[in-house]
Amino acid sequence: MSPLTRRELLVGAAAAGAVGAVGAAGCSSDSKHAGGGSPVATTTATTLEGGPADPSKAPFETVVVLMMENRSFDHLLGWLPGADGRQAGQTFIDVTGAKHASWNIGADAQGCNYADPKHDWHAAVRQFNNGKADGFLRTQPVGDLFPISYYGQQDLPVLSALATNYTAFDHYYCSLLAATWPNRFYQHCATTDIDDTGLFPGPLGAKGMPPANAKRPSNLQLAIWDRIKDAGLKGGYYYHDEPMTGLFASKRYDDISYPYAQFLTDAKAGTLPNVTFVDPDYGTVSEYLGTSNDMHPHGSVVVGDAFVAEVYDALRKSPQWDRMVFVINFDEHGGFSDHVAPPTVADDTDNGPAAEHPDYKRLGFRVPAIAISPFAPKKVETAGPYEHCSVLRMIEWRWGLEPMTLRDKHAKNLADALDFSQRRAAITLPAYPDPTPVACPHPTLAKA
């Protein structure tokens, strides 16, 4: 019998009255954040020494990763000029055999009236459909077309500005045809020992590390944080409420985990660690209510866009910006359609009989990913496949760290897409909405 997913566990928690006790969110705001109008980039550049063949001369000392939640490439960036994207004009078949056209959901930032598309590994396999990549309505209630919707360039001004002014990847895949936890473990560890997302250990809705007596679910004993520490470098993980580092039974990364507010302080002071991971609010309760800032349904993508802006602005104003590579990616596709079938890669993960687990050698569907840096050209990087372990490979390459698994050893180095011969100035973001998160009017477990 497969372990329960977080969706199934949440149903059990609600039956006990735990979710309802948390309450709903506050009021709305339609305020606009005053950026600088249109995105502005410089045409001047500084010539530098070194390149991908010479990591000792690579001119960056800080890598920052912001991993958002549950959106596919076509769903958010299928409009991107020069990219292999598809939005309008696609047709998908549901479980009744009825055909449905892809559609623009742009005016609806939350999708409260639709079910959160299924994205556990069993559902992802059906969506993959032996390489046809056409099964996204076959895991959704009949008549619910949320998985084949898409947003246009104008709907997410921040993500759009970053994608069109830095290096956007159109063959960047999540690491696994699976949900949040296993993909985030791949970002930390280049492997996973958990196949589905469960409930965070401890009281539902609590923030921070689990209670001392809580059972943590992962027994993984090696992460990029170990490699960094052993090399005399600094690592730091900044979180909102349910830290991924709190899932490790070893508790060995608790002491490098900090609340998100500390990230803003450290960025301003220029004291961010060499390797910095930043996570949005993807807590169980906030995602259920629709008040998260991670873009996971039913959280508002506009709220998520504003959060991306906050992180970007904190970094571009940081004293560390000139020697930084900032990566925005999404943990997994979230059940949203993407027309490119993910390829297979080298992987040595072994959690038991293959039939009881995802195919660890198969990447997941494409997700948005953008490299943002003085060394990130304004382009669409069409090579690949890149994936979460490509970020790990860049970190290992830069500082001469030993790979952790076969996966990161053979992953395509994200630095291959960068240009270390020049240093460019940061763009100023256009004006963008900065609304207060608002709960869905009537959140239900059927749609969670």
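Rounded to whole Å, give me the distance from the Cα center of the range 329-356 to that of the range 398-448.
That distance is 18 Å.
So which of Lys215/Lys447; Lys317/Lys379; Lys215/Lys251; Lys379/Lys412; Lys234/Lys268; Lys57/Lys378 end up more than 20 Å apart, counting from Cα to Cα?
Lys215/Lys447; Lys317/Lys379; Lys57/Lys378
In Å and whole numbers, how far do the C-alpha atoms of the range 77-183 stretch along each principal axis, longest first?
Largest to smallest, the principal-axis extents are 42, 30, 24 Å.
Taking only C-alpha pairs under 8 Å that are 6+ residues apart, what is the relative contact order of the chain in percent?
Relative CO of the chain lands at 31 percent.
Compute the FRET efficiency between Thr96 and Lys132 as 1/(1 + (r/R0)^6), taking r as their Cβ-Cβ distance and R0 = 22 Å, and round to the nearest 0.05.
Using R0 = 22 Å, I get an efficiency of 0.75.
Calculate, in nm to one decimal, what Glu61 and Ser421 gain on full extension: separation in residues at 0.36 nm each, minus their alpha carbon distance.
Length difference between fully extended and current span is 128.0 nm.
Beta carbons within 10 angstrom, averaged per residue: use that to sort the peptides 171-178, 436-443, highest first.
By packing density, highest mean first, the sequence is 171-178, 436-443.
When N counts the residues of the range 122-244, how does its alpha-carbon radius of gyration compare numerically with 2.2 N^0.38 Å, as a ratio?
Ratio of Cα Rg to 2.2 N^0.38 Å: 1.35.
So for the pair Lys409, His442, with labels modelled 7 Å out along Cα→Cβ, what separation do we get in nm?
Placing both labels 7 Å beyond Cα along the Cβ direction yields 5.6 nm.
May I have the extent of the alpha carbons of the range 293-448 along their three principal axes, as whole Å values ordered from largest to smallest?
Sorted from largest, the Cα extents of the range 293-448 read 52, 48, 27 Å.
Whole-Hz Karplus ³J(HN,Hα) for the range 209-225, in order, using 6.51 cos²θ - 1.76 cosθ + 1.60 and θ = phi - 60°, x for Gly and Pro?
In residue order, the calculated couplings are 5, x, x, 4, 8, 6, 7, 8, x, 9, 9, 4, 10, 9, 9, 4, 5 Hz.
Please give the peptides 232-242, 416-426 ranked by average Cβ packing (other Cβ atoms within 10 Å per residue), highest first, as a rough proxy for protection.
232-242, 416-426
Using a cut-off of 18 Å between alpha-carbon atoms, which aspartates and glutamates can reach Lys99, once sequence neighbours fewer than 8 places away in the same chain are excluded?
Output for Lys99: Asp134, Asp144, Asp338.
How high is the relative contact order of the range 106-249, in percent, with contacts defined as C-alpha pairs under 8 Å that are six or more residues apart?
18
If amide hydrogens are placed 1.01 Å from N in the peptide plane, which non-local residues have theirs closer than 5 Å to the one on Lys379?
Tyr166, Thr167, Ala168
Restricting things to Cα coordinates, could you compute the convex hull volume per residue of the range 203-302 in Å³?
Enclosed volume per residue, from the Cα hull, is 111 Å³.
Pulled fully out, how much extra length does the chain show between Ala431 and Glu356, if you take 0.36 nm times their separation in residues and subtract their Cα-Cα distance?
Difference between extended and current length: 22.2 nm.
In terms of Cα to Cα distance under 15 Å, which aspartates and glutamates are near enough to Lys409, apart from those fewer than 8 places away along the same chain?
Asp347, Asp348, Glu387, Glu396
In whole angstrom, how far apart do the alpha carbon centroids of the range 366-381 and the range 269-289 sit?
20
In terms of modelled amide H atoms, which long-range or inter-chain residues lie less than 5 Å from the amide H of Met68?
Counting only residues 5 or more places away or on other chains, the set is Asn329, Phe330, Asp331.
Among Ala101, Ala306, Ala415, which one moves the most in a GNM of the chain with springs linking Cα atoms closer than 10 Å?
Of Ala101, Ala306, Ala415, the most mobile in the Gaussian network model is Ala101.
For the chain, what percent of Cα pairs sit more than 34 Å apart?
Everything past 34 Å amounts to 26 percent.
For the range 56-186, what's the relative contact order in percent, using C-alpha pairs closer than 8 Å and at least 6 residues apart?
The value is 27 percent.
Restricting to DSSP H runs of at least four residues, report the calculated mean residue ellipticity at 222 nm for the chain, -39500 (n - 2.57) per run over all residues, nearest 500 deg cm²/dmol.
After summing the helix terms and dividing by the residues of the chain, the value is -6000 deg cm²/dmol.
A short reminder: the numbers here are calculations on the coordinates, not readings from a lab. Keep in mind it's a predicted model, so treat the numbers as computed, not measured. Methodologically, a virtual Cβ is constructed for each residue, glycine included, from the backbone with ideal geometry; neighbour enumeration extends over all protein chains shown.
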